[in-house]
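Take this structure first; my questions come after.
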Amino acid sequence: MPWPLRAAESGVSVVLEPRAGTANLFGVDGAKTAVWGYGGTVPGPEIRVRQGERLTLEVVNLLEEATSLHPHGIRLPNDQDGAPPLTPGSIAPGERHVQSFVVPDAGTYWYHPHLNSAEQLGRGLLGVLVVEEREPPAVDRDIAWLLDDWRLDKDGQIDGAFGLFHDLSHAGRWGNAVTVNGRADLLLGVKVGERVRLRLVNGANARIFSLLVNGAEGWVMAVDGQPLVRPQALTAEEPVLLGPGMRADLFIDILKPGRVVLQDLSRSDKPIQMAVLSASGGVSGHAGSGMPAPLPPNPVALPKAEPDVRQRFVLTGGAMGGMAGAILDGAYTDMRSLAGHGLFWAINGVVPMTADHGMAPDPLLTVPRGQTAVLELVNDTAWPHPIHLHGHSFVVLSRGGVALPEPELRDTVLLLRGERAEIAFVADNPGDWMFHCHVLEHQVSGMMGFIRVT
């Protein structure tokens, strides 16, 4: 059925129906996989809205459990964030729920549930949300690719064993099959002479994609929806790393006939062909015109050189992490007892969740509205963590104690094992905002608290 997109008074209105369905992940001749999806398919509809317009999302929950809708990366009002129990938005089976907000920033975003996230995303509930620039850039084609992986059994069905202790305490739920836009064999025809804008979204529970583009010249233009000050040329020596929740906008110039291959190196012993652009024919397009001009910046307030607030967050726990215990519900709890509650992670020695996996009542940090906060993030664990802040974009100031030559605006920063980074943001969006690891199994097992903007 066509997606029910309809004109709104000042933007776009979309109806989303999360429900059970099937997907042909491996083509029409492959096994049909039972999924949960918006409209019963994966991915959900690609939503497009223009910067500055109002987006209205109506969710009709046709699942047999509660869900929510979180527009990931959008700087929206707190009560529209869809991240219960911290914000409103829990949608019971059979209920309807409406979220409506003006989108302030152009860029590549996505949407997904923030209830029972590991299972609901692991079964297919996710989709791309594109906010187009007021003035389109000089490209000939604009394509969004949602990257995902799936843990399937021998019959091609989703393995229903979610929340395994190994996944919670190690690297999360990595799958054994990868797809782009719900297909393991995605092939798209393009024309020689075209400059293609390729929007990449990592919607996987835990997989960190390490991406190369083979067969064409290209540039990274934006990360997490925010334009880079200077486009970065794609090279074989520096793959594009996308942790869960992260995005990248690429411009690819199609200069000759043949195949342009998106390849993933996340498993170094077995590179994976993710998708193919098949180039033929010829058009008088924008390819070959040299390094593209930067995309126009978004109206994000930039932090002051001298911050008002500084906070150090040390991430601990997990397998091989050496954490003996942490504060849980106000009392010191040894690691064995934490594991008995399915909790494995802590921030500054505190599990910012309750024993029954609710939100702890105290924020990790309180920042007065309008002030600049600098957070030093230290990954003192054996596993990577893509750390995501809701409601704001932040500047990555440094990694490993070395200042970035050109600081990047992001909403998710990937900390590899033992890595540290400094980020800074202006607390200009009041409310209680989730701050968590976007490896979903880490999120639900302790590495999720909140930052309060007063």
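Based on Cα positions only, what radius of gyration and what Dmax would you give for segment 305-454, in angstroms?
When restricted to Cα atoms, segment 305-454 yields Rg and Dmax of 14.9, 45 Å.
Let me know the whole percent of all Cα-Cα pairs from segment 44-135 that are separated by more than 16 Å. All intermediate terms of the calculation are to be shown ahead of the outcome.
On the way: 2173 of 4186 pairs.
Distances greater than 16 Å cover 52 percent of the Cα pairs.
Which distance in nm do the two modelled labels at S268 and T22 give, with both placed 7 Å along the Cα-to-Cβ direction?
Modelled inter-label distance: 4.1 nm.
Moving on. Roughly what % antiparallel, to the nearest 5, for the DSSP beta bridges in segment 53-209?
Working: 22 of 29 bridges.
Among the beta bridges of segment 53-209, antiparallel pairing accounts for roughly 75 percent.
Place a point 7 Å from Cα of F165 in the direction of its Cβ. Which residues in segment 342-375 have their backbone N less than 19 Å from it?
It comes to 342-346, 355-357, nothing else.
Calculate the spin-label point distance for A293 paired with T366, positioning each point 7 Å from the Cα along the beta-carbon direction, and give it in nanometres.
4.7 nm
If you don't mind, there's one more thing I want to ask. Add +1 for every Lys or Arg and -1 for every Asp or Glu among the other residues with Cβ under 11 Å from the Cβ of R96, and state the total.
Net charge in that neighbourhood comes out at -3.
Please name whichever of L164, V260, V453 sits farthest to the positive end of the charge dipole of the chain, dipole taken about the Cα centre and charges placed at Cβ: Lys and Arg +1, Asp and Glu -1.
V260
Right, something else. Taking every pair of Cα atoms in segment 387-454, average 1/r, invert it to obtain the Kirkwood radius, and report Rg/Rh to two decimals.
Numbers: Rg = 12.5 Å, Rh = 12.8 Å.
For segment 387-454, the value is 0.98.
Sticking with this structure for a sec: For L241, what accessible surface area do you get with a 1.4 Å probe? Give it in Å², rounded to 10.
Accessible area, nearest 10 Å²: 80 Å².
What order do you get for 190-201, 345-356, 128-139, 296-307 when each peptide is scored by the mean count of other beta carbon atoms within 10 Å, highest first?
Details: 190-201: 22.4, 345-356: 20.2, 128-139: 17.2, 296-307: 14.0.
Top to bottom by mean Cβ count within 10 Å: 190-201, 345-356, 128-139, 296-307.
Reported to two decimal places, what Rg/Rh ratio describes the chain when computed on Cα atoms with Rh from the Kirkwood expression? Don't jump to the answer; show the numbers that get you there.
On the way: Rg = 21.1 Å, Rh = 22.3 Å.
My calculation puts Rg/Rh at 0.95.
Run the numbers for V402 and T235: contour at 0.36 nm per residue of separation, minus the present Cα-Cα distance, in nm. Walk me through the numbers on the way to the answer.
Details: separation 167, 0.36 × 167 = 60.12 nm, distance 2.21 nm.
Extra length available between V402 and T235 comes to 57.9 nm.
Shifting gears a bit: Per residue and in cubic angstrom, what volume does the convex hull of the Cα atoms of segment 147-305 have? Walk me through the numbers on the way to the answer.
Values: hull volume 25.2 nm³, N = 159.
Enclosed volume per residue, from the Cα hull, is 159 Å³.
Here's a follow-up. If you stretched the chain out fully between Q311 and D79, how much longer would it get, using 0.36 nm times the residue separation minus the C-alpha to C-alpha distance? Can you show the working numbers first?
Values: separation 232, 0.36 × 232 = 83.52 nm, distance 2.58 nm.
Stretched out fully, the Q311 to D79 stretch lengthens by 80.9 nm.
Over segment 100-164, what number does the Rg to Rh ratio reach, with both radii from the alpha-carbon atoms and Rh per Kirkwood? Spell out each step's value before the answer.
Numbers: Rg = 16.4 Å, Rh = 14.8 Å.
So for segment 100-164, dividing Rg by the Kirkwood Rh gives 1.11.
Here's another thing I want to ask about it. Please compute the alpha carbon radius of gyration of segment 175-255, then divide it by the globular-protein estimate 2.2 N^0.38 Å. Two decimals is fine.
On the way: Rg = 13.0 Å, N = 81, 2.2 N^0.38 = 11.7 Å.
Ratio of Cα Rg to 2.2 N^0.38 Å: 1.12.
Something else about it: Measure off 7 Å from each Cα along the Cα-to-Cβ vector at K154 and V98, then give the distance between these two points in nanometres to one decimal.
Roughly 5.1 nm, to one decimal.
Calculate how many DSSP beta bridges within the chain are antiparallel, expressed in % of all such bridges and rounded to the nearest 5.
Percent antiparallel among DSSP bridges in the chain is about 75.
Please give the charge dipole size of segment 1-154, origin at the Cα centre, charges +1 on K and R Cβ atoms and -1 on D and E Cβ atoms. Round to the nearest 20 debye.
Details: 13 positive and 21 negative charges, 37 e Å.
The dipole of segment 1-154 has a size of about 180 debye.
Explain nothing, just the number: dipole magnitude of segment 374-435 about its Cα centre with +1 on each Lys and Arg Cβ and -1 on each Asp and Glu Cβ, in debye rounded to the nearest 20. Let's see the in-between values first.
Details: 4 positive and 9 negative charges, 40 e Å.
Rounded to the nearest 20 debye, it is 200 debye.
Please arrange R410, R417, R312, R247 by accessible surface area, largest first, computed with a 1.4 Å probe and ligands excluded.
Working: R410 30, R417 170, R312 110, R247 0 Å².
Ranking R410, R417, R312, R247 by accessible area, largest first, yields R417, R312, R410, R247.
Sticking with this structure for a sec: Quick one: if the Förster radius is 30 Å, what FRET efficiency do R134 and D428 give, using the C-beta to C-beta distance and rounding to 0.05? Before the final figure, lay out the partial values.
Numbers: r = 21 Å, r/R0 = 0.71.
So the FRET efficiency works out to roughly 0.90.
If you put +1 on each Lys and Arg Cβ and -1 on each Asp and Glu Cβ, how big is the dipole of the chain around its Cα centre, in Debye rounded to 20?
Values: 36 positive and 50 negative charges, 122 e Å.
With Lys and Arg at +1 and Asp and Glu at -1, about 580 debye.
May I pose another question? Which lysines does K154 reach when only Cα atoms under 28 Å apart count, and residues fewer than 8 places away in its own chain are ignored?
K32, K270
The values are calculated or read from the model by the stated rules, or taken from the named source; none is laboratory data. Since the structure is predicted, the reported quantities are computational estimates derived from the model, not experimental observations. Positions of Cβ are generated from backbone atoms using ideal geometry, with glycine treated the same way; all protein chains shown enter the neighbour counts. Surface accessibility is based on the protein's heavy atoms, side chains included, excluding ligands, DNA and RNA. Shrake-Rupley method; radii C 1.70, N 1.55, O 1.52, S 1.80 Å.
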